[in-house]
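The values are calculated or read from the model by the stated rules, or taken from the named source; none is laboratory data. Keep in mind it's a predicted model, so treat the numbers as computed, not measured. Positions of Cβ are backbone-derived with ideal geometry, glycine not excepted, and every protein chain shown enters the neighbour counts.
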Amino acid sequence: MSAWPPIAAGGVVIPKFGKPSECVVQNHQFCAGWFIDHFSSRFLTPLLVHIELTAIAVGVGLPIAFAAALISRRYHWFERGFSLFAAFLYTFPALAFFELMVQVTGINKFTAEIALVSYTQLILFVNILTGLRAVPPDALEAARAMGLTHRQTLLRVELPLALPPIMAGIRIATVTIISLATVAAYIGAGGLGSLIFDAIGTGFKTEFIAAGGLAVVLALVADGGLVLLQRTLTPWTRRSVVR
Amino acid sequence: MHTIIQSFQFFGNHLHLFRTKTGQQLELSLASIGIAMALAIPVGVWLGHIHRGSFLAINVCNIGRALPSLAVISIGIGILGIGFTNTMVALVILAGPVMLTNAYVAVEQVDANAVQAARAMGMRPWQVLVRVELPLATPLLFAGIRTGTVFVIATATLATFAGGGGLGDIIANEASYGTAGVVAASLTITVLAFAVDGLLALVQRALTAPPLRHQTDALRTVASVTDLSTEAP
């Protein structure tokens, strides 16, 4: 196969895909040979960009959601406002949210990240708050009796006890963001979605299946990896988890 | 604020367009929700009733949630081609798992004492299911249906990329319809989602035994976002 030319949007099928094989010319359902030959030149970078988009969104979203949860514990009106915002986002189409953000911050990764971080909030915030609220009052009282300060109680007692729901939230947020990041490609954020939109332009079936399949695999691997991390971090929950 | 006013004007000037596109969006959403319910709820309820398959019932939700819709649509274009069916399959995959898991948990967690009392009164297994377990499971069961429904209505927007029509046609075509059009279409979807959710809430209320009515809303967020996932192995 010849070297890959730079990706142009909506090109014609044949010239774009190098020296075409029979399978590619006929546009069969899935040309495994083409996929393998072009994986490193065409699929690897979007895959890495996709991981980067997701990692940044969750990494930035987590401290924000945590702060919001702590504020909500003190001021109830804040929780109401935040929940309303979350409920609104829940029903607002992601595609439109991305487009509208473009008007404010332009077509770039930053815009995509703002939208993605917003979407992490509605999951992380609820789970962090639920986790912190579920800490048994006895544990808090014991902490106070031992003379722990507020900060020590938070870090040494509440946070570890709230870890299972928080980890579950991180897990859901991560797969949700992997899903939404495919849509973010619509505003030029890159990632695996850009290949899907490329394929919509060319109608090349192998690319549809390969790009979609990679996104699905990425989501499943991330989900599985986070389950393992969750189990490692919270060994005490293991017995009660499997019923 | 200016944009919002413009979007209302846009809406007013394009009533016919909105009627068509909203109709398409609703048709696609309702078909998907119907199929997802028909497939997922009997399985979830049955597994909950026999107290088996918790691993399957809970993990199906996690896997379903992990599948990116646009990616599923993309794979669907490769296999099924462009059109209504493709997006419908993706939406069924999106909504089915949430409904199945909630149905399972709803029936499974019914108070064992109530079930035993029913058995002691001489009820047959299906009577226990219909008269005791299902009434007690209604709030959580509906939580799953409503969560799935909201997901589907919002996500049906992506149908535009697979030629499935709907309000996504307006949202994805900012060049023709402008920002006002995008905002108007998005708000229409949001209103649509809240409206269908509200209708389902009414149905739920009608079907719920009076003493259980108050706990409905509290259950909802917890069930859909937190509990199921913390339980999952």
Subset of region A:184-243 [of a type in the set (Val, Ile, Thr), more than 9 Å from chain B (Cβ to nearest Cβ) and under 22 Å from the mean Cα position of the chain (by Cα)]: A:187, A:217, A:221, A:232
Conditions (1) more than 21 Å from residue B:144 (Cα to Cα); (2) at pLDDT 90 or above; (3) surrounded by fewer than 19 Cβ atoms within 10 Å (Cβ to Cβ); number of the one not met by residue B:83: (2)
Matching residues in region B:168-186 - criterion: being facing chain A (nearest Cβ under 8 Å) and within 20 Å of residue A:185 (Cα to Cα): B:168, B:171, B:172, B:174, B:179, B:182, B:183, B:186
Counted residues, region A:72-84 - those being surrounded by 15 or more Cβ atoms within 10 Å (Cβ to Cβ) and within 22 Å of the chain's Cα centre (by Cα): 2
Residue list for region A:36-56, restricted to those being touching a Gly at 6+ places or on another chain (Cβ under 9 Å) and of a type in the set (Phe, Trp, Tyr): none
Test: residue in region B:94-108 that is part of a helix (DSSP H, G or I) and free of Cβ contacts under 8 Å to residues at least 24 places away in the same chain: no
Some residue of region B:182-199 being surrounded by 15 or more Cβ atoms within 10 Å (Cβ to Cβ), touching a residue at least 40 places away in the same chain (Cβ under 8 Å) and of a type in the set (D, E, K, R): yes
From A:156, A:151, A:133, residue being under 21 Å from residue A:232 (Cβ atoms) and more than 10 Å from chain B (Cβ to nearest Cβ): A:156
Criterion (within 30 Å of residue B:136 (Cα to Cα) and either without any contact (Cβ under 8 Å) to a residue 12 or more places away in the chain or in a helix (DSSP H, G or I) (or both)) met by exactly one of B:23, B:12, B:48: B:48
Residue under evaluation residue B:165, criteria (1) touching a helix residue (DSSP H, G or I) at 6+ places or on another chain (Cβ under 6 Å); (2) farther than 19 Å from residue B:84 by Cβ; (3) surrounded by fewer than 24 Cβ atoms within 10 Å (Cβ to Cβ), criterion not met: (2)
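Working only within region A:168-183, note down all residues that are facing chain B (nearest Cβ under 7 Å) and closer than 13 Å to residue B:69 by Cα.
Passing the criteria: A:175, A:178, A:179, A:182, A:183.
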Region A:61-109, residues that are over 23 Å from residue A:153 (Cβ atoms) and either basic (Lys, Arg) or not in a helix (DSSP H, G or I) (or both): A:80, A:92, A:93, A:106, A:107, A:108, A:109
Pairs, first more than 7 Å from chain A (Cβ to nearest Cβ) in region B:59-77, second part of a helix (DSSP H, G or I) and surrounded by fewer than 23 Cβ atoms within 10 Å (Cβ to Cβ), C-beta under 6 Å, six or more apart: B:76/B:89
Identity of the residue in region B:17-75, buried (at least 22 other Cβ atoms within 10 Å of the Cβ) and of a type in the set (S, T, N, Q), that ends up farthest from residue B:142 (Cα to Cα): B:74
Matching residues in region A:44-98 - criterion: being within 13 Å of chain B (Cβ to nearest Cβ), within 21 Å of residue A:216 (Cα to Cα) and hydrophobic (A, V, I, L, M, F, W, C): A:47, A:53, A:94, A:95
The lone exception for residue A:101 - which of (1) free of Cβ contacts under 8 Å to residues at least 24 places away in the same chain; (2) over 22 Å from residue A:216 (Cα atoms); (3) among the hydrophobic types (A, V, I, L, M, F, W, C) it fails: (1)
